[in-house]
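In what follows, a single structure is set out as structure tokens and then discussed.
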Amino acid sequence: MSTATKNHIGRKISRIRELRGMKQDALAAALGISQQSVSSLENSESVDDEKLQEVAKVLGVTVEAIKV
């Protein structure tokens, strides 16, 4: 796996969401944001810590689990 893929937080969020059987709109509703915002988040290489904590809580994982 390349370094770029390893550190792409958005891709990791997408993968965990899919493993949980959750659609983007369900994650969006839980976070109080639009589906388009979730899409943008999942295409981002980095995510600010506050948003990452919210996402981790909704997905039922730790922030560290997303970052690894």
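The values are calculated or read from the model by the stated rules, or taken from the named source; none is laboratory data. From a predicted model like this one, the values you see are computed outputs, not experimental measurements. Note: ideal-geometry Cβ built from the backbone for every residue, glycine included; neighbour counts use all protein chains shown. Just the protein is used for accessible areas: all its heavy atoms, side chains included, with ligands, DNA and RNA removed. Shrake-Rupley method; radii C 1.70, N 1.55, O 1.52, S 1.80 Å.
If you check Ser40 against the conditions, is it polar (S, T, N, Q) and either touching a residue at least 60 places away in the same chain (Cβ under 8 Å) or in a helix (DSSP H, G or I) (or both)?
On the way: polar (S, T, N, Q): yes; either touching a residue at least 60 places away in the same chain (Cβ under 8 Å) or in a helix (DSSP H, G or I) (or both): yes.
Judged against the criteria, Ser40 is a match.
Per-residue answers, yes or no, for (1) polar (S, T, N, Q); (2) open to solvent by less than 40 Å² (accessible area, probe 1.4 Å); (3) modelled with pLDDT of 95 or more:
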site	(1), (2), (3)
Ser2	yes, no, no
Ser14	yes, yes, yes
Arg20	no, no, yes
Asp25	no, no, yes
Ser34	yes, no, yes
Ser40	yes, no, yes
Val55	no, yes, yes
Gly60	no, no, yes
Val63	no, yes, yes
